[in-house]
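The values are calculated or read from the model by the stated rules, or taken from the named source; none is laboratory data. No experiment lies behind these values; they were computed from the predicted model shown. So basically every Cβ, Gly included, is an ideal-geometry build from the backbone, and we count neighbours across all protein chains shown. Each accessible area value is taken on the protein alone, full model and side chains, heavy atoms only, with ligands, DNA and RNA left out. Shrake-Rupley method; radii C 1.70, N 1.55, O 1.52, S 1.80 Å.
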Amino acid sequence: LKKVNITMGLSLQNTALASFFEALFELHINKSKNGFFYQDFLKFLSNPYTATLFTEGVIDYSKKLQEKIHNNWVFLSLNQILAALPTHQKLISKIFLDCVNGRDLLKTHQYTIELLKEKISERNSFYDLEQLYHFYRITNQIEAHLDAFKFGMDLKALKNLFFELLSKETLDFRGDAMEGLQIMGMLESRVLDFETVIITSVNEGILPSGKSNNSFIPYDVKQEFGLPTYKEKDAIYTYHFYRILQRAKNVYLIYNTEPDVLEGGEKSRFINQLLTDENINKFIIHSIASSKVKSNIPREVVINKSPLLLEQLQVLAAKGFSPTSLTNYIRNPIEFYRNNILKIDTLNEVEESIALNTFGTIIHDALEDLYSNFVTQRLTQDMLLDAKQKVPSVVQRHFNKSHSEADLTKGKNLIIYNVIIKYVADFIAYEIEQLKKHQIRLLGVELNLRLELNIPELAFPVVLKGKIDRIDEIDGQLRILDYKTGTVNPSEVELMEWDSIVTDKKFSKAFQLLCYSLMYRRKEKKASFEAGIISIKKISAGVFRFATKSSTRGPKEHTIDSDVLSVFESRLKQLILEIFNPEVPFTDKEY
């Protein structure tokens with residue numbers, strides 16, 4: 001179609017410029033004493049017209065502001081915004097000023113429209129300028145009414161009035177009325193004849209519209225006083241419907257059969273009238289068009305190991321596999337591929353409150369800080385009581401380091417802050433109780449270890465690396481301990497079948513403990529020791545010790561010695577050989 005004439009016009013409330021002003025309204029309406037809420041601010045910054053306002057040359061400064069918000073700015077004050085973008089002081093102070101009433105916000109809109117006019121004029125976009133003119137006219141219209149009636153208006157009332165006026169505005173598309181496709185409303189077709197007519201949405205309730213009548217006058221009152229009702233309106237549409245069909249050579253009447261849209265999918269009474277007319281129905285061809293429904297069976301994700309992929313795996317092996325990365329592979333090889341090969345991280349989102357991984361990081365860092373001075377010493381109650389006094393200040397320091405913009409004075413962050421303090425204090429209190437029955441000597445905290453595995457089948461180095469949370473001696477028994485802030489069950493660290501350690505994701509915690517044990521034994525040459533998990537959440541349950549057993553209710557063996565590590569190392573090599581086997585692709589276990 002080379003020529004189109006649209007007489008109905010485009011509703012302005014469906015344009016991107018309308019969404020820009022809606023975002024600006026929401027930004028000011030939802031503003032609290034703490035500042036602008038980040039979600040409203042990001043919605044405003046993501047609008048293309050905001051980018052137009054903040055673009056200088058080829059640099060879009062609104063993106064720089066979005067990057068700042070992702071530093072966990074939950075609320076933004078005017079001073080923060082000004083500090084983040086010192087190059088746009090005047091623009092920011094005008095758009096983001098504190099609007100007490102509707103008149104203030106109206107002035108903000110007028111300034112924004114003037115600035116947009118300058119920017120849009122530079123790129124000669126007449127379509128955008130035409131839209132902007134309508135918005136300019138609406139703001140002036142509202143201002144004239146406010147001045148005439150001296151009426152005070154709050155922000156929400158202004159928004160409702162603004163969009164009520166906007167809903168009646170259309171952007172006209174002018175074309176040639178004598179040729180090409182003519183797109184028009186039913187009433188605009190009067191006294192016009194066409195060879196080909198296409199009428200859409202010929203559904204009952206739309207054509208005719210039925211009893212829908214926007215009026216405060218009840219139907220009975222209208223009937224009593226001879227006022228026009230929906231019946232007269234339907235009669236007018238009936239007349240225009242039949243009149244436009246009178247001289248047309250080809251007529252296409254389209255209705256929707258779907259029951260959940262467009263007034264229930266029932267065809268209009270007009271179509272039924274045509275189908276029952278003996279003089280007309282022989283010229284009617286009735287067909288139903290429907291999309292072909294294809295069963296979309298999800299295909300299993302399979303990544304074959306190309307030479308380039310194997311090369312990337314070798315680079316990763318030289319840097320070192322962590323126990324977490326290997327348990328990712330056991331859980332789902334595709335997850336290992338995405339996280340460790342493609343380096344696809346999770347989205348950088350603003351944390352309104354502390355995320356679970358940040359929660360765990362703060363606890364780990366706080367315990368390291370509190371216990372680092374006790375390494376090589378035998379723990380005493382006085383040492384731990386002194387450490388317990390420091391818990392609030394240490395937690396706050398690490399809280400600020402991990403979540404620098406967080407407000408700890410109210411809301412969820414205050415609750416989480418106090419929960420972390422309680423968890424750390426409870427951990428120390430548990431240790432004090434243990435000292436009444438046992439002697440504990442601390443040997444190390446957050447100890448980084450590396451081990452090059454001896455795998456003759458591979459012609460390149462494979463390194464295992466990890467960080468042990470804590471190593472100590474309790475009554476002379478050496479222990480390797482790992483802190484977990486999540487839920488831990490004893491069955492997750494108690495092993496019956498050795499093959500399960502590299503095939504069943506349930507034993508990921510046992511796998512980690514054995515990796516740490518293997519690295520530590522090679523470094524320190526210890527004959528035997530124990531390893532376990534401390535659940536910070538369930539500290540009263542004590543240490544969940546790693547154990548091997550022959551049956552569900554059989555005796556448990558907690559000692560980790562050369563025999564245990566020899567069997568584990570053979571399973572670990574089996575796992576790594578599978579990772580490097582070009583014949584075994586990465587497959588999705590969750591398929």
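For q = 0.08 Å⁻¹, what log10 I(q)/I(0) does the chain give under the Debye formula with an equal point scatterer on each alpha carbon and no solvent? Taking Cα atoms of the chain as identical point scatterers yields -0.88. For the pair M186 and I288, label points projected 7 Å from Cα toward Cβ lie 2.5 nm apart. Distance distribution note for region 104-173: the fraction of Cα pairs above 16 angstrom is 51%. For the set K305/K343; K390/K523; K484/K549; K33/K117; K388/K412, the pairs lying more than 27 angstrom apart at their alpha carbons are K390/K523; K33/K117.
Stretch I303-T380 to full length: gain in nm at 0.36 nm per residue minus the Cα-Cα span? Difference between extended and current length: 22.3 nm. Share of pairwise Cα-Cα distances greater than 22 Å in region 44-163 is 42 percent (whole percent). Cross-link reach is defined here as a Cα-Cα straight distance under 23 Å, omitting same-chain residues fewer than 8 places apart; for K2 the lysines meeting it are K249. At an R0 of 56 angstrom, the distance between the Cβ atoms of K437 and R338 translates into a FRET efficiency of 0.75.
Count the net charge of all other residues whose Cβ sits under 14 Å from the Cβ of E169, scoring Lys and Arg as +1 and Asp and Glu as -1. The answer is -1.
Determine the sum of side-chain charges near I471: Lys and Arg each +1, Asp and Glu each -1, restricted to other residues whose C-beta is under 13 angstrom from that of I471. Summing Lys and Arg as +1 and Asp and Glu as -1 gives -1.
Normalised per residue, the accessible area of the chain is 56 Å², obtained with a 1.4 Å probe and no contribution from ligands, DNA or RNA. Taking the longest Cα principal axis of the chain as reference, the axis of helix 155-166 is set at about 50 degrees. So the label point goes 7 Å from the Cα of D475 along Cα→C-beta, right? Which residues of region 429-457 then have their backbone N under 14 Å from it? 434-441, by backbone N distance to the label point.
The accessible area of V301, taken with all protein chains in place and a 1.4 Å probe, comes to roughly 50 Å². With the simple spin-label model, which puts each label point 7 Å out from Cα in the Cβ direction, the E368 to Y230 separation comes to 7.0 nm. Under 16 Å of direct C-alpha separation, and excluding same-chain neighbours fewer than eight residues apart, K505 reaches these lysines: K589. Seen against the Cα atoms of the chain and their longest principal axis, helix 391-402 is set at about 50 degrees.
Past the 22 Å Cα-Cα mark, which pairs from K68/K90; K465/K525; K63/K410? Where the Cα-Cα span goes over 22 Å, the pairs concerned are K63/K410.
In region 41-118, the portion of solvent-accessible area held by carbon and sulfur atoms comes to 54 percent [1.4 Å probe, whole percent, DNA, RNA and ligands not counted].
How tilted is helix 562-580 with respect to the longest principal axis of the chain? Cα atoms for both, answer in degrees (0 to 90, nearest 10). Approximately 30 degrees, to the nearest 10.
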